[in-house]
Amino acid sequence: MIHVEDLHKSFDGFPALDGLSLNVEKGSVYGLIGVNGSGKTTLIKHLTGILRQDSGVVQIDGQDVYDNADVKARTGYVPDELYFFPGYDLKHMAAFYKGVYPKWDGARFEEMTGRFGLPKDRKIGRFSKGMQRQSAIALTLAAMPEVLILDEPVDGLDPIVRKLVWNYILADVAERQTTVLISSHNLRELEGICDHIGILYRGKLRAEHGNLDELESENGLPGLEEMFFSEMGGDAYER
């Protein structure tokens, strides 16, 4: 479903992505792990059509992503740095999403905002950071995307809300065969969530594993900690 091959992207001569290749099968959950500056967000901006590659292939469902309105209409994206239109409340943001995404599900949006306890008539700019993240997740999942791209999706959320968010995402994977790519710097956050784990370092995929248990069994827990702390800057492995 997601196909990236020999992807290169440089900024002012610095190689943010250096020959990166990965594949994510339909209906699976792929966890992308790496410290800040490893290239996670740059990769995601290619997958969502925000950036155009210098060279290489970036495709979703066999179609090039950049400048492709059809692919974007079937892709949901929750960025690390959230953005909402100034002065908008949730009702107005929902109306905007409805006009952009053809599979918009208003009933699901109502159900999710109710579960999250989000007031739909209050300006989103007045929400706490946690409430804004929940709003972004509710809007994106109500769009019923076929591909879901998440950049640090539960950062700053309390444990109960985190569990609820993961339940929604995994239900979509099971029931709708949604394809999910999750970027995180927290390895433990993805435990039990992902079918595959990719470790990104300096713009390259350092290693791929079937899951966290496989990653630990190959390296051993002390070896895994040492790899992340000594070679990747020390903040990629969090308990």
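At a glance:
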{"item": "Residue satisfying condition, being touching a Lys or Arg at 6+ places or on another chain (Cβ under 9 Å) and surrounded by 21 or more Cβ atoms within 10 Å (Cβ to Cβ), within set Gly19, Gly34, Gly49, Gly27", "result": "Gly34"}
{"item": "Lone qualifier among Val57, Val4, Val78, Val100 - being farther than 20 Å from Leu181 by Cα, hydrophobic (A, V, I, L, M, F, W, C) and either touching a residue at least 40 places away in the same chain (Cβ under 8 Å) or surrounded by fewer than 19 Cβ atoms within 10 Å (Cβ to Cβ) (or both)", "result": "Val100"}
{"item": "Subset of segment 119-134 [in a loop (DSSP other than H, G, I, E, B) and either among the small types (Gly, Ala, Ser) or crowded, with 22+ Cβ neighbours inside 10 Å (or both)]", "result": "Ser128"}
{"item": "Count - residues of segment 101-118 that are within 16 Å of Val161 (Cα to Cα), of a type outside the set (Gly, Ala, Ser) and either at pLDDT below 95 or assigned to a loop (DSSP other than H, G, I, E, B) (or both)", "result": "1"}
{"item": "Where Val154 falls short, out of the listed (1) among the β-branched types (Val, Ile, Thr); (2) more than 23 Å from Lys9 (Cα to Cα); (3) out of contact with any helix residue (DSSP H, G or I) (no Cβ under 9 Å at 6 or more places or on another chain)", "result": "(3)"}
{"item": "Residue identified as in contact (Cβ under 8 Å) with a residue 12 or more places away in the chain, under 30 Å from Lys98 (Cα atoms) and of a type in the set (Asp, Glu) among Asp151, Asp195", "result": "Asp151"}
{"item": "Residue match in segment 135-153 (condition: more than 18 Å from Thr48 (Cβ to Cβ) and surrounded by fewer than 19 Cβ atoms within 10 Å (Cβ to Cβ))", "result": "no"}
{"item": "Answer residue from segment 186-198, given it is at pLDDT 90 or above and closer than 30 Å to Pro15 by Cα and is surrounded by the fewest Cβ atoms within 10 Å (Cβ to Cβ) among those", "result": "Asp195"}
{"item": "Residue among Glu146, Glu152, Glu111, Glu175 that is acidic (Asp, Glu) and within 18 Å of Val71 (Cα to Cα)", "result": "Glu146"}
{"item": "Hits in segment 123-161 (condition: hydrophobic (A, V, I, L, M, F, W, C), under 18 Å from Gly31 (Cβ atoms) and at pLDDT below 95)", "result": "Val154, Leu157"}
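For (1) surrounded by fewer than 20 Cβ atoms within 10 Å (Cβ to Cβ); (2) at pLDDT below 85, each residue gets a yes or a no:
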site	(1), (2)
Glu175	yes, no
Ser184	no, no
Asn219	yes, yes
Gly223	yes, yes
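The values are calculated or read from the model by the stated rules, or taken from the named source; none is laboratory data. This one's a predicted model, so the numbers in the text were calculated from it and none came from an experiment. For neighbour counting, all protein chains shown are included, and Cβ atoms are generated from backbone atoms with ideal geometry for every residue, glycine included.
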